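Some notes on the structure that comes next.
Read-outs: derived from the displayed coordinates by stated rules, not from any lab. Bear in mind that the values here come from a model prediction, so they are computed numbers and not experimental data. We place every Cβ from the backbone using ideal geometry, glycine too, and count neighbours over all the protein chains shown.
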Amino acid sequence: MKQGLNRRAALILGLGGGLGGGLGGCGFRPVYMPASSKDPAPSAGLAEIEVKPIYERPGQILREALLMDLRSEPGTPRRYDLQVSFWISGNAEGILNFTQATRVQFIGNATWTLTSRDSKPVKLTEGSDRLVDGVDVFDSQYFALDLDVEKAQRRMAEAMAQRITLRLAMWFHQHPPALG
């Protein structure tokens, strides 16, 4: 049994290595890879971003996730400011005859702007994104439902942070001179 598992793992790794080599020939490059050997990696620019405070609890979770994803270290000089607005709205779904909802759908929206920290700040890029998640509420205890809502908000904030980080990395990848 264990030997069959090791064969599968070796086969998957072998295919993955061959796949990665094949993708390199068609122009595929990881987004965090430098555009050329002379340019710094986009992750260098990500670490220089100051994430401004985001209000409400889901916004605080989003900010923490962004700081982790951007690998923002204390003491790193900041060249960019990231301003993010994040809000979550909800819709009741699956309404029963006696007006009880059986599911709540959450819609998370974020808009963000990256600006330079020059004497005259310049908007470098901006974006917006939307996520959908939900929780079941039928026959749920109140505190269990409260915990489910909190988990859904955390999932949405962390997923939004990953999306924003990827979009910022793509921008730095496309604009290597901005990394100076």
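Just order 53-59, 75-81 by mean Cβ neighbour count inside 10 Å, highest at the front, would you?
Ranking the peptides 53-59, 75-81 by packing returns 53-59, 75-81.
Pulled fully out, how much extra length does the chain show between residue 113 and residue 147, if you take 0.36 nm times their separation in residues and subtract their Cα-Cα distance?
That pair, residue 113 and residue 147, stretches by 9.1 nm at full extension.
For a quick check of your reading of the filter: which trypsin sites (Lys or Arg not before Pro) in the stretch 95-142 sit in a DSSP loop and have no more than 16 other Cβ atoms within 10 Å?
Of the trypsin sites (Lys or Arg not before Pro), the ones in loops of the stretch 95-142 whose Cβ has at most 16 other Cβ atoms within 10 Å are 117.
Of all chymotrypsin sites (Phe, Trp or Tyr not before Pro) in the stretch 90-123, which ones are in loop regions per DSSP and have a Cβ with at most 14 other Cβ atoms within 10 Å?
Answer in residue order: 98.
Just the Cα atoms of the stretch 36-179, one point each, no solvent: what log10 I(q)/I(0) does Debye give at q = 0.11 Å⁻¹?
-0.49
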